[in-house]
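Chemist: Before anything else, here's the structure in question.
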Amino acid sequence: MRECSRCEGWIEDSFRFCPWCAAPQRLKLVEFFAASPRIESDDGKALRVSRYLADRHVRFSIWKERQAVEALSLDEAEAERLAAFLTAPAPPRERLRRVAARVLGR
Ligand SMILES: [Zn+2]
């Protein structure tokens, strides 16, 4: 159960609309991302990301041949941590090469 953001009536979590005021409860934004063409095993796959604005969570699903094959949801705090991870500046390539050489002992 949760509270409707418009009328503050209590509604079941699975309801898409509030039964008291008809406000939509599962507003979401959806975007598809294509797999890297450089990774052969990901051929034909896509990542679908759904942001549920009322529930405040993000759901990731892997699609292959027009069908979801796996899915996972992150709560808002974990989604924000993921966004920070993805938007942090990447180290320069030369630094990556040095770290890889050190790890691989070459
Ligand atoms: Zn309502």
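Chemist: Expressed in whole Å with the largest first, what are the equivalent ellipsoid semi-axes of the chain derived from the C-alpha gyration tensor as the square root of 5 times each eigenvalue?
Modeler: Computed over the chain, the values are 39, 19, 10 Å.
Chemist: Okay, next question. Before anything else, pin down the relative contact order of the chain: Cα pairs under 8 Å, at least 6 apart, normalised by residue count, whole percent.
Modeler: RCO, the chain: 13 percent.
Chemist: At 1.4 Å probe size, with every protein chain present, just tell me what the per residue accessible area of the range 1-102 comes to in Å².
Modeler: Working: 8370 Å² over 102 residues.
Dividing the accessible area of the range 1-102 by its residue count gives 82 Å².
Chemist: Given the Cα-Cα distance of Arg2 and Phe85 and 0.36 nm per residue of separation, how much length would full extension add, in nm?
Modeler: Contour length minus the Cα-Cα distance gives 26.8 nm.
Chemist: Any idea what log10 I(q)/I(0) is at q = 0.24, 0.28 Å⁻¹ for the range 57-106, Debye with uniform C-alpha scatterers and no solvent?
Modeler: -0.83, -0.96
Chemist: Longest span of the chain, sites excluded, free of chymotrypsin sites (Phe, Trp or Tyr not before Pro) in DSSP loop with at most 16 other C-beta atoms within 10 Å?
Modeler: 21-106
Chemist: Do any GluC sites (Glu not before Pro) in the range 3-68 lie in a DSSP loop with no more than 10 other beta carbon atoms within 10 Å, and if so, which?
Modeler: Hits after loop and neighbour filter: Glu8, Glu12, Glu65.
Chemist: Please sort by residue number the trypsin sites (Lys or Arg not before Pro) in the range 1-82 whose DSSP state is loop and whose Cβ has at most 15 other Cβ atoms within 10 Å.
Modeler: Here the trypsin sites (Lys or Arg not before Pro) that fit, given the DSSP loop and packing criteria, are Arg6, Arg16, Arg26, Arg38, Arg56, Arg66.
Chemist: Tell me, what are the semi-axes, in whole angstrom and largest first, of the equivalent ellipsoid of the range 28-82 as set by the roots of 5 times the Cα gyration tensor eigenvalues?
Modeler: They are 23, 12, 9 Å, listed from largest to smallest.
The values are calculated or read from the model by the stated rules, or taken from the named source; none is laboratory data. All figures in this text were calculated on a predicted structure; none of them were measured in a lab. All Cβ positions, glycine included, derive from the backbone under ideal geometry; neighbour counts span all protein chains shown. For accessibility, only protein heavy atoms count, side chains too; no ligands or nucleic acids. Shrake-Rupley method; radii C 1.70, N 1.55, O 1.52, S 1.80 Å.
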